[in-house]
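Everything on this sheet refers to the single structure shown next.
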Amino acid sequence: QPEFSGALAELMDWADGMRRMKVRANADTAQDARVALGFAADGIGLARTEHMFFEKGRITAMRRMILAEKESDRRAALEQLLPMQRADFMALYRVMQGSPVTIRLLDPPLHEFLPHADDELGELAEATGLTMRALRRRIDDMQEFNPMLGKRGCRLGVTIPEIYEMQVRAIFEALAQSWADGPLVVPEIMIPLVSARREATMIRRTIDGVAMAVAAETGRDFAYKVGVMVETPRAALRAGDLAEDLDFLSFGTNDLTQMTYGLSRDDAGRFMRDYVNLEVFAEDPFHSLDLEGVGELMVIATDRARDRKPGIPLGLCGEHGGDPASIRFCEAAGFDYVSCSPFRVPIARLACAQATILQRRVREAADEAARAGAALERSGAAGAAGAA
Ligand code: PEP
Ligand code: MG
């Protein structure tokens, strides 16, 4: 723990000994991962791969892929992207030294990937071989009125499977190439924005197929896990089905809050203070879990998932993962981990320890009440027998 010394280091050690839940970090780059590890994160709970494509060279290749009309153009763009992604994942595996690494497949709102400026269009016309007119038409066809509710997350992977195939190949090839005495890690592959069981099973089939192919090509026998993000209300309600087909579930409470309230996560901040001041909401629901709404859905999901697959690992990777009150909720619900931004990791470690202690007290108080109730019943029964 290079960041802490003296009494603070002692406190953090104590908290780590006390807490039940793991604390992972949301990290997309080797630099973020190093910060997370410096704060003693127990792994990466969310690597948002779309963040890996915003650099200039990469975004052009991704746009070329998405806008391609010809299969050959799409393939050429994918070939350009594959080694970049492989290097990204290798860097994460190496930094994390065997701790879990959860990689989320691409989840961009499409409009963030489409070009806007004229110079970007010119460059892309050259790269795709399309005329400016054809390119503009193609971009217009892809514009959405509600990008956050549009062809986002796994919808992109279902309709353009090559993107996820490329990413998954990179995940496994990076594993094979960074082989030491064995694999550096068991990657956890996460499917975003699922709302239908078929989405998860279709993509899982793709992942399993690529895994088999890479294992055969490289002669490496590796393990991996496949899970989904529970971030639509429907996914929460159908969590039993999802659990049956998958190895873990992770709650994406940013989107789950947005969709449960029908409240834009990007715009709500503009009036949230007024809403809290006017006591419409007790708290900003994007900051702290709303127990009577989003939390209820999470409890339903957790019960249904565990009912169908007892012991299935459950995590939370929305911003709430670094909020102490939300962490208490996760402890009470029996989650396995929370994942938060790297700089929130120390707070989350302390909050997890506190939550473990509070939860133990709650359990002890319930046991005590049950014992007292049973004793009362016994003495009532004895009294009744004596009277008879
Ligand atoms: C979420 O929705 O809570 C989440 C973690 O995903 P993102 O913030 O990337 O949409
Ligand atoms: Mg999300």
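The values are calculated or read from the model by the stated rules, or taken from the named source; none is laboratory data. Predicted, not measured: the structure shown is a model, and the values here were computed from it. All Cβ positions, glycine included, derive from the backbone under ideal geometry; neighbour counts span all protein chains shown.
Once the stretch 308-321 is narrowed to residues that are in a helix (DSSP H, G or I) and surrounded by fewer than 24 Cβ atoms within 10 Å (Cβ to Cβ), the residue that is farthest from ligand 1 (Cβ to nearest atom) is Arg308. State whether one or more residues within the stretch 233-254 are farther than 23 Å from Tyr337 by Cβ and within 16 Å of ligand 1 (Cβ to nearest atom). Yes, because at least one residue in the stretch 233-254 is farther than 23 Å from Tyr337 by Cβ and within 16 Å of ligand 1 (Cβ to nearest atom). The residue that is farthest from ligand 1 (Cβ to nearest atom), among those in the stretch 204-229 that are within 25 Å of Asp42 (Cβ to Cβ) and out of contact with any helix residue (DSSP H, G or I) (no Cβ under 7 Å at 6 or more places or on another chain), is Ala223. Scanning the stretch 170-203 for residues that are hydroxyl-bearing (Ser, Thr, Tyr) and more than 16 Å from ligand 1 (Cβ to nearest atom) yields Ser178, Thr201. Residues that are among the hydrophobic types (A, V, I, L, M, F, W, C) and more than 15 Å from Arg198 (Cβ to Cβ) were ranked within the stretch 227-238; the one that is farthest from the chain's Cα centre (by Cα) is Leu237.
Condition check ((1) of a type in the set (A, V, I, L, M, F, W, C); (2) part of a helix (DSSP H, G or I); (3) at pLDDT below 95) across all residues:
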| position | (1), (2), (3) |
| --- | --- |
| Phe343 | yes, yes, no |
| Arg349 | no, yes, no |
| Ala355 | yes, yes, no |
| Arg361 | no, yes, no |
| Glu377 | no, yes, yes |
| Gly383 | no, yes, yes |
| Gly386 | no, yes, yes |
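Considering Glu188, Glu199, the condition of being touching a Pro at 6+ places or on another chain (Cβ under 7 Å) and of a type outside the set (A, V, I, L, M, F, W, C) is satisfied by Glu188 alone.
Beta carbons closer than 6 Å, at least 6 apart along the sequence or on distinct chains, never pair a first residue in the stretch 208-237 that is assigned to a strand (DSSP E or B) with a second that is more than 16 Å from ligand 1 (Cβ to nearest atom) and among the hydroxyl-bearing types (Ser, Thr, Tyr). Within the stretch 2-22, does at least one residue satisfy the condition of being hydroxyl-bearing (Ser, Thr, Tyr) and exposed (fewer than 15 other Cβ atoms within 10 Å of the Cβ)? Yes, the stretch 2-22 contains a residue that is hydroxyl-bearing (Ser, Thr, Tyr) and exposed (fewer than 15 other Cβ atoms within 10 Å of the Cβ).
For the stretch 266-281, enumerate the residues that are part of a loop (DSSP other than H, G, I, E, B) and either surrounded by 13 or more Cβ atoms within 10 Å (Cβ to Cβ) or touching a residue at least 60 places away in the same chain (Cβ under 8 Å) (or both). Those that are part of a loop (DSSP other than H, G, I, E, B) and either surrounded by 13 or more Cβ atoms within 10 Å (Cβ to Cβ) or touching a residue at least 60 places away in the same chain (Cβ under 8 Å) (or both): Asp266, Ala268, Phe281. Scanning the stretch 22-81 for residues that are closer than 30 Å to Ala333 by Cα, part of a helix (DSSP H, G or I), over 19 Å from the mean Cα position of the chain (by Cα) and hydrophobic (A, V, I, L, M, F, W, C) yields a total of 0.
Return yes or no: is Asp284 more than 23 Å from Asp42 (Cβ to Cβ) and touching a residue at least 40 places away in the same chain (Cβ under 8 Å)? In short, no.
Conditions first: (1) closer than 29 Å to Leu11 by Cβ; (2) part of a helix (DSSP H, G or I); (3) of a type outside the set (Lys, Arg). Ala305 passes all but one, so which condition is the exception? Every condition holds for Ala305 apart from (1).
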